[in-house]
1. What are the residue pairs meeting all of these: first residue in the stretch 210-232, first residue open to solvent by less than 70 Å² (accessible area, probe 1.4 Å), second residue among the basic types (Lys, Arg) and part of a loop (DSSP other than H, G, I, E, B), Cβ atoms under 9 Å, and 6 or more apart or on different chains?
2. Could you check the stretch 16-49 and list, in sequence order, the residues that are of a type in the set (Gly, Ala, Ser) and closer than 27 Å to Gly76 by Cβ?
3. Condition check: closer than 18 Å to Pro95 by Cα, without any contact (Cβ under 8 Å) to a residue 12 or more places away in the chain and of a type in the set (Gly, Ala, Ser). Does Ser203 satisfy that?
4. Has the stretch 46-54 got any residue that is buried (at least 18 other Cβ atoms within 10 Å of the Cβ), among the β-branched types (Val, Ile, Thr) and more than 19 Å from the chain's Cα centre (by Cα)?
5. Only residues in the stretch 7-20 that are under 10 Å from Asp65 (Cβ atoms) count as the first member; pair them with residues that are modelled with pLDDT of 95 or more and of a type in the set (S, T, N, Q), Cβ under 6 angstrom, at least 6 apart or cross-chain, and list the lot.
6. Need the failing condition index for Ala210 against (1) more than 29 Å from Pro110 (Cβ to Cβ); (2) in a helix (DSSP H, G or I); (3) out of contact with any helix residue (DSSP H, G or I) (no Cβ under 9 Å at 6 or more places or on another chain), just the number.
7. Mind checking which residues of the stretch 75-98 are open to solvent by less than 10 Å² (accessible area, probe 1.4 Å), of a type in the set (Gly, Ala, Ser) and either under 21 Å from Lys49 (Cβ atoms) or assigned to a helix (DSSP H, G or I) (or both)?
8. For the stretch 103-153: of the residues being acidic (Asp, Glu) and over 21 Å from Val185 (Cα atoms), which is surrounded by the fewest Cβ atoms within 10 Å (Cβ to Cβ)?
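The values are calculated or read from the model by the stated rules, or taken from the named source; none is laboratory data. Just so we're clear, the structure is a prediction, and the values are computed from it rather than from any experiment. Cβ coordinates were reconstructed from backbone atoms using ideal geometry, including for glycine residues, and neighbour counts include every protein chain displayed. Surface accessibility is based on the protein's heavy atoms, side chains included, excluding ligands, DNA and RNA. Shrake-Rupley method; radii C 1.70, N 1.55, O 1.52, S 1.80 Å.
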Amino acid sequence: MATVESIMDELKAKGSEQYRKTYIRHGLPGDRLFGVSNADLKVIAKSIKGQQELAMGLYATGNVDAMYLAGIVADGAKMTRDQLQSWAEGAAGMPMIFDYPVPWVALENPEASILALEWIGSKKEHIAAAGWRTYIGLVTTRPDSELDLAEIETLLQKVVNEIDSAENRAKQAMNSFVISVGMYVKPLLDKAKATAQTLGVVSIDVGDTACKIPIATEYIEKTEASGKQGQKRKTIRC
């Protein structure tokens, strides 16, 4: 039976200095990661699928690789609100975690929309970013009939009003939110396009990486031209 200790040993053995250096350039703490590839993490995840308690223990280690693995394995529907809040709080300084595993599990929880709004209102960069990413999950996967369109319009306006003063990772998530509304919510296409036009090019510090920040107008227009606007995804996990 796998344990936290045995999985940590396996993660350490799979670690790569090349991946570790890449992750560090993307803002992750070098003393808290082994540098395991996503492909290797998925293989390990299959071997411990459904082991919720183990996933919770892995996240609690504070190791980036283990936390990401926990996000693949954990079922957010089985997590309490306090546990989800703890995951969000524990992701400080780790964009790979608050941008991905935290929203993944939050989206699966019945209180996803409530948590997303609460987190969006946080003054902490990583919490706010996780909130925007969770709401992105909602507009990306939920039928339009289940979405609160008036609430989403309010959030689009919030982006316009606050993006310039937002911290880096939250700003990036806000830009992605506008793109996602334009790509996935049919009734709000025009509103999203107008918001994207207002934003223009969003300036974000990507550090020592080759990452490029997508221009919202271009992404929305490309999706519209392809005829795929409004086609929902089954999941935001990757």
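1. If the second residue must be among the basic types (Lys, Arg) and part of a loop (DSSP other than H, G, I, E, B), the pairs left are Lys232/Arg142.
2. The answer is Gly27, Gly35, Ser37, Ala39, Ala45, Ser47.
3. Numbers: closer than 18 Å to Pro95 by Cα: yes; without any contact (Cβ under 8 Å) to a residue 12 or more places away in the chain: yes; of a type in the set (Gly, Ala, Ser): yes.
When the stated conditions are applied, Ser203 passes them.
4. The answer is yes, given that some residue of the stretch 46-54 is buried (at least 18 other Cβ atoms within 10 Å of the Cβ), among the β-branched types (Val, Ile, Thr) and more than 19 Å from the chain's Cα centre (by Cα).
5. What qualifies is Tyr19/Ser37.
6. Every listed condition holds for Ala210 apart from (2).
7. Across the stretch 75-98, the qualifying residues are Gly76, Ala88.
8. The initial filter retains those residues of the stretch 103-153 that are acidic (Asp, Glu), namely 108, 111, 118, 125, 144, 146, 148, 151, 153.
Then drop every residue that is not over 21 Å from Val185 (Cα atoms), which leaves 118, 125.
Working: Glu118: 16, Glu125: 19.
Looking at the filtered set, the residue picked out is Glu118.
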